Structure formats: structure tokens, C-alpha cells
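Data block below; observations after.
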Amino acid sequence: MTKSLWMLLASFLFALMAVFTKLGASDFGIFELVFYRSLCGVSCILVWSRFRHMRLATANVRSHFLRSFLGTFALTIWTFSLAHLPLGTSMTLNYTSPLFMTLIVIGLALRQKKAVSLRTAAAVFLGFFGVTLVLNPELRSGQELPALVGLCSGLFSALAYFQIKQLSAMREPEWRIVFYFTLFGTVWGLAGQYLAEGHYTPLTADNVPALLGMGLCATGAQLAMTRSWGSDNLLLTSAFQYSAIIFAALFGLAVFDDPITPGAAAGIAVIIFAGVWATLLNRRPKG
């Protein structure tokens, strides 16, 4: 269970990253934000690996490419849905990734005739219900296509997380997994900004702090998340993933004065209950 708890730290850092991203979004485009977020990560890990004399070379190039492409593509299509759907709806669809992960785990368990904790799976679904209470999603006529795209972002995120699990099983260290992911994101963001806009926003003393905060938080979050998906209990890790919604709501209140409605407060309580329930289920002695 220890590795699964790293998801709590990852969720906190992802929520803090969202604060810096929102601050930077007034000056930078989506591809620029992806580029700078990834550039910070790849630069930090490159310097650290050289200082520690750690090898960047890997024999699992194909698996790293799959993880990097799936994760970056999921982020890109979620951004598309974000531009065409209400924020709460887009966020909710993106957070279907733990549900898809749960279905993948159950499907593999049935195929391999292994036991799976259906009560932990129920805790994951209960947590998602809490997410819907917090975000209050809605779908209007004509929004079916972006909604489908947003749902696909959740699926591709789950596939990326499962690929992280596979890389961990290959004994790839967390920092190397994140290095290739951020390297891919740097190239993706750079190329995307060039093709979409053809120019880049000038860096100033006013907009650089948001980029640094976003990049450092994203790097720490990716490292913690990658470690958490290396856990043997993917269902418990999925349940903890919803805690990002709680941290985001608290940061929204503290930084942007976004109110927490009674419905959102009830959703936060449900998410906390689901996480505690999943934890207690997995602390019980076997046999």
C-alpha cells in the first residue's frame, strides 16, 4: 500500500500545478504551456542524472514511446474538450481514467482467473460519484463530439498509467520514465506551438514565475505518480487519484476565492470516505 500513497502527494502537486497553469494561461497558449512544463522536467532530470552519473539509455524504447505518446495525446485531446465543454464536464470526463483502469484490472483478472477486490472497485466508482458532485457536470445539445473526445482522454490516460505499470515491471526507474515522457512533451509542445501559432510569447519577469511553479510542480507530481502506479494494487491507487479534486477545490478557494458549494462539500466528503474505505479494505490481513 505504501506506493499507492504516493498518489496523494502526486494529487497535491498536480492541483498546485493547476494553480500555476491557470495563472500562466493568461499569457501563454496550450502548446506553450505543455512545452515549458515538459522542458522544466526534462532539464531537471537531465542535470540530476548527469550529477549522479545515472544512465539515460534504455532497452525499452518502444514502451517508453507508448507511455509518452498516450499520456501526451490524452492531455492534448482533453485540452480540446476543455475548449468546447463547461469546465466541470471536461474535468469529470478526464477523471474517468480511474474507472477505465478499474475495468482494465478487472478484465485482466478475469482473463487470468485471478482474484480481484470488487469492494475496492466499488470504492473507486463511489469516488467518481463524489467527483461528479464537486464538479457538477452538464452536457448541452451539440456537445456530443467534444464530450466523446473528453471521455477518450480518460481512456488514453488509463492506458498511459497501465503502461507505467508495465515499465515499472521492467524495472525502469521512475525518473527515467518521467524523463522520456517530458522529452516527448517538450518536442510535442514545441512543434505544436510552431504549427499552430508560428511564434512564441516573450518571457518576462512577470510571467516566468508561473512557468517555473508549473514546471517544478508537474515534475514532482509526475515522479510521485509514476512511483504510485508501480504499486501492486492499482485499484487502491485509482481511488487515491480522486484526491486531486479535493486539493483543487481548496486551492481554488484559497487562491481564486472560488466558493465551495454545499454540493461540492458533500462530494469532497464522499471522495474522502471512498479513499478511507479503500485503504481499510486493503489493510485487512489476508486469509
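Bear in mind these aren't lab numbers, they're just calculated from the coordinates by the rules spelled out. Nothing here was measured: the structure is a model prediction, and the numbers come from that model. Cβ coordinates were reconstructed from backbone atoms using ideal geometry, including for glycine residues, and neighbour counts include every protein chain displayed.
What to note about this one:
- Comparing Cα centroids, the range 77-134 and the range 219-247 end up 13 angstrom apart.
- Rh (Kirkwood; distinct C-alpha pairs) - the range 1-146, Å: 18.5
- Measuring nothing but alpha carbons in the range 1-57 and taking Rh as the Kirkwood radius, the Rg to Rh ratio lands at 1.09.
- Max mean-square fluctuation residue, GNM over the chain, Cα-Cα springs under 10 Å, options Gly220, Gly88, Gly107: Gly107
- FRET E, pair Ala266, Leu212, Förster distance 45 Å, beta-carbon r, rounded to 0.05: 0.80
- Label-point separation in nm, Phe125 to Gln166, each point 7 Å along Cα→Cβ: 2.7
- Gyration tensor verdict on the range 95-191 (Cα atoms; rounded if a/c is under 1.5, prolate if a/b is larger than b/c, oblate otherwise): oblate
- Extending 7 Å from the Cα toward the beta-carbon at both Asp258 and Ala59 defines two label points whose distance is 4.6 nm.
- Close Lys pairs in the chain (alpha-carbon distance under 21 Å; sequence gap of 8 or more, or different chains): 6.
- Springs between Cα atoms under 10 Å define the GNM used for the chain, and in it the highest mean-square fluctuation of Gly213, Gly142, Gly252 occurs at Gly142.
- Positive-end ranking of Leu212, Ser141, Pro202 along the dipole of the range 2-283, with charges on Cβ about the Cα centre, is headed by Leu212.
- Using alpha carbons only: equivalent-ellipsoid semi-axes of the chain, gyration tensor based, whole Å: 28, 25, 18
- Taken as entire DSSP H runs, the helices of the chain that both span 20 Å or more between Cα atoms along their own long axis and average 0.0 or more on the Kyte-Doolittle scale are 2-24, 30-51, 61-84, 97-111, 118-135, 144-169, 174-196, 208-228, 262-283.
- Estimated distance in nm for a label pair at His84 and Thr201, the labels positioned 7 Å out from Cα along Cα-to-Cβ: 2.4
- Contact order relative to length of the chain, as percent, for alpha carbon pairs under 8 angstrom and 6 or more apart: 43
- Gain in span if fully extended, Leu148 to Lys3, counting 0.36 nm per residue against the direct Cα distance: 49.0 nm
- Order of Trp175, Trp78 - criterion: other Cβ atoms within 10 Å of each residue's Cβ, fewest first: Trp175, Trp78
- In this Cβ point-charge picture (+1 for Lys and Arg, -1 for Asp and Glu), the chain has a dipole of about 1580 debye about its Cα centre.
- Put in line by how crowded their Cβ is, counting other Cβ atoms within 10 Å and starting with the fewest, Trp277, Trp6 read Trp277, Trp6.
- Sorting Ile45, Ile177 by the number of Cβ atoms found within 10 Å of their own Cβ, with the fewest placed first, yields Ile45, Ile177.
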